[in-house]
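For reference, the structure discussed in these notes is given below.
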Amino acid sequence: MFVVAVVLVVAAAYSSLTPSQTEQIAQSGSENATPVATSTVSPEVLVASATQEAQAISEPALPPQPVVEVFNGKIEKGATASTLLNKWLTKAEVYQLAAATDKAFRLTKIRRGRPYRVVTTDGEFTRFEYEIDNDQYLSVAKTDEGFVAECKDIKYDIITERVNGIIASSLYEAMTASGEKPALAVRIGDIFGWEIDFIRDIRKNDSFTAVVEKRYRDGKFQGYGKILAARFVNQGNKYEGYYLKDKDGFTQYYTADGKNLRRAFLKAPLKFTRISSKFTNRRLHPILKTYRPHHGVDYAAPRGTPVYAIGNGKIVKVSRSRGAGKYVKIRHSNGYESAYLHLSRFARGLKVGKKVKQGQLIAYVGSTGYSTGPHLDFRMKRNGKYINPTRATNPRAPKATKEQLTILKEKVELLRLDNDTAQAPEQVVGKGA
């Protein structure tokens, strides 16, 4: 077809010449022909032009490419899904979009200052994204079937570095002197918090080493990821911790021989100023005016004070009763159970069957049920029997399993490589979520 098109175009162009031009072209092949200055178009030019026209005929123009635009912003005070999206969607569409997110992440929980973006194609709404935290973002796409919402992991460029430092006065100052952020000092303090009192026990010339993931997006530092291994030398005593996840998916740090660095329970479920009532088998009830056991510890605290889970476990009760008011019960490992009574309200998303980790917010202090004022009645059981929370032994969290011990042998090498010297960090670059 292409050759035929070329021939037809050439023929049409040749036939359009004047008789004198045709004659001159014919004579141009004669050796005795005398050149004539005219505006004659040569056959070569005609063929080239015809070829271009034929190509234009055989290759139709491509349709215009869609224009994709991305609008970035941060959630402002008082912002809602409607105020964010009304430029691109009708009220009905915003309602449908919000309804589609209920199972993934409710848009009523968006927080001031968090990044978001709207993607359009040729001016039409395509997708809405909201960064829930530093690990996940909500993505809501518009399809022919409606809006589809899902939570996705934020992708980072990961650089694993070894960070070293020597204490002059405090861990925070040493961390800053090494060029790192104070947040890393907090993380290291959490790892060894059950072994070292970082306020009273720290001494000059103590040292630390950490193998830590640093997260980057678009070349900008976005905080620390996992601390894969850490060492702290305190007053000549060496402590080491290696990152692993337990069977329930919770982050744990173990010694090289598999002991858990974390204790099973926090010392108390809230920050408090005093104990207003102790554990006893005989106490005059302030409301019922009868003597009865008080198998808990009352912590005096203002209404609304946050209450935290004392250890990893599973929620077995989120309810209300006449005496206990609003209360939560958590089942822990090794036969332990904890209960939190007289609450004002529960933390958002708390429900039976949900796993919680040590230190996770579960509720707020109140004065519901038989109560004369705001306080937390905290109780513990072991194997079904009440125990005094202030005297209960606080065992270490479960040891590493046989499978984890195999992984630990490899993790130990992360700290063995530096020979206990503070040298320039070795970098390993990779992709991570």
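The values are calculated or read from the model by the stated rules, or taken from the named source; none is laboratory data. Fair warning: this is a prediction, and the values are worked out from it, not measured in the lab. Methodologically, a virtual Cβ is constructed for each residue, glycine included, from the backbone with ideal geometry; neighbour enumeration extends over all protein chains shown. Ligands, DNA and RNA are excluded from the accessible area calculation, which covers all protein heavy atoms including side chains. Shrake-Rupley method; radii C 1.70, N 1.55, O 1.52, S 1.80 Å.
So here's what we get for this one:
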{"item": "Phi-based couplings in Hz for the range 112-125 (Karplus 6.51, -1.76, 1.60; Gly and Pro marked x)", "result": "4, x, 7, x, 8, 8, 10, 10, 10, 10, 6, x, 9, 4"}
{"item": "Accessible area of the range 131-256 belonging to carbon and sulfur atoms, whole % at 1.4 Å probe", "result": "45 percent"}
{"item": "Gain upon complete extension [ASP133, SER82; 0.36 nm per residue less C-alpha separation]", "result": "16.2 nm"}
{"item": "Sites LYS91 and GLN222 - FRET efficiency at Förster radius 45 Å, r taken between beta-carbons, to 0.05", "result": "0.80"}
{"item": "Simple spin-label estimate for LYS259 and THR372 in nanometres, 7 Å along Cα-Cβ", "result": "4.5 nm"}
{"item": "Accessible area (Å², per residue) of the range 61-182, counting only protein heavy atoms and a probe of 1.4 Å", "result": "61 Å²"}
{"item": "Amide hydrogen neighbours beyond the local backbone of THR126, cut-off 5 Å, H modeled", "result": "VAL119, THR120, THR121"}
{"item": "Vicinal HN-Hα couplings computed from phi for the range 144-157 (Karplus, 6.51 cos²θ - 1.76 cosθ + 1.60; Hz; Gly/Pro x)", "result": "5, 8, x, 9, 10, 10, 7, 9, 10, 6, 6, 8, 10, 7"}
{"item": "Stretchable slack from TRP194 to ALA300, in nm (0.36 nm times residue separation minus alpha-carbon distance)", "result": "35.6 nm"}
{"item": "Sequence-distant aspartates and glutamates (8 or more away, or on other chains) whose Cα lies within less than 12 Å of LYS355", "result": "ASP248"}
{"item": "Cα centroid of the range 169-227 to Cα centroid of the range 290-349, whole Å", "result": "33 Å"}
{"item": "Potential extension, ARG391-GLU173 segment - 0.36 nm per residue separation minus Cα distance", "result": "74.9 nm"}
{"item": "Across LYS245/LYS326; LYS74/LYS103; LYS245/LYS351; LYS74/LYS214, pairs whose alpha-carbon gap is larger than 31 Å", "result": "LYS245/LYS326"}
